[in-house]
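A short worksheet on the structure shown next.
No value in this document is a laboratory result; all are computed from the given coordinates. Remember, predicted model here, so these are calculated numbers, not experimental data. Cβ sites come from the backbone with ideal geometry, for glycine too, and all protein chains shown count toward neighbours.
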Amino acid sequence: MEQSELLVRRIKEGTVIDHIDEGKGLQVLNTLRIDGKDGSLITIALNVPSGKFKKKDIIKVENKFLKDDDTNKLAVIVPKATINIIKNYKLVEKRRVALPNEIDRIFRCSNPECITNSTEHIESVMDVIDKDGQVLKCRYCARVLDVNQLKYN
Ligand SMILES: [Zn+2]
């Protein structure tokens with residue numbers, strides 16, 4: 001067993017998001033809109049040693065099985081993350097995150113004139129037009145956007 005696995009206790013049922021880039025754990029929770037207000041037990045481990053010189057974040061959400069629709073939103077933030085579904089202490093499914101066809105809410109459009117940046121409360125919607133290059137296009141103002149230059153909402 002990896003050393004990092006020992007730092008956070010095993011869960012019986014739920015989802016483990018592993019290999020989150022260090023420092024991105026809280027952002028992942030935010031993106032998934034997981035805040036624990038529904039009473040579910042959530043374990044967050046930040047800066048867990050991973051390999052010789054690296055660190056990672058890990059999130060465990062008990063009694064919740066996250067679906068592709070949820071976890072694929074993470075592809076632009078933590079492309080190396082793995083999603084592990086645990087049932088009765090056993091790993092029943094392991095998958096990578098994959099960039100979806102559209103990304104809602106996560107990023108702010110870089111066009112100051114865009115309606116999503118106005119005082120009206122319109123959530124951003126962006127189409128992924130190039131998955132490899134991580135290029136998005138705002139559905140409202142049609143501006144082409146580079147993921148790496150976008151600010152988070
Ligand atoms: Zn826009």
Sum of side-chain charges, GLN149 neighbourhood, beta-carbon under 15 Å (Lys, Arg +1; Asp, Glu -1): +2
Net length gained if the chain between LYS80 and VAL135 were fully extended (0.36 nm per residue, minus Cα distance): 18.0 nm
Estimated inter-spin distance, HIS121 and ARG10, nm [label 7 Å along Cα→Cβ]: 4.4
Two-site label geometry, ARG108 and LEU46: point separation in nm, points 7 Å out along Cα→Cβ: 2.1
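Please report the net charge: other residues with Cβ closer than 9 Å to the Cβ of ASN88, K and R +1, D and E -1.
Within the 9 Å Cβ shell, the charges total +2.
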Distant-in-sequence amide H partners of GLU102 (H built 1.01 Å from N, under 5 Å): VAL128
Choice from ASP38, ASP18, ASP127 with maximal GNM fluctuation in the chain (Cα, 10 Å cutoff): ASP38
For the stretch 3-96, average projected area of the Cα convex hull in nm²: 5.6
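Within the set LYS12/LYS55; LYS60/LYS80; LYS80/LYS131; LYS12/LYS52; LYS56/LYS87; LYS94/LYS137, which residue pairs have Cα atoms separated by over 21 Å?
LYS12/LYS55; LYS12/LYS52; LYS56/LYS87; LYS94/LYS137
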Estimated [θ] at 222 nm from DSSP helical runs (n ≥ 4, -39500 (n - 2.57)) normalised by residues in the chain, nearest 500: -2500 deg cm²/dmol
Amide H partners (placed H, <5 Å) of ARG143, local residues excluded: CYS138
Within straight-line cross-link reach of LYS37, aspartates and glutamates at Cα separation under 18 Å, skipping those fewer than 8 residues along the same chain: GLU62, ASP70
Charge sum, other residues only, whose C-beta stays under 15 Å from GLU123's C-beta, Lys/Arg counted +1 and Asp/Glu -1: +2
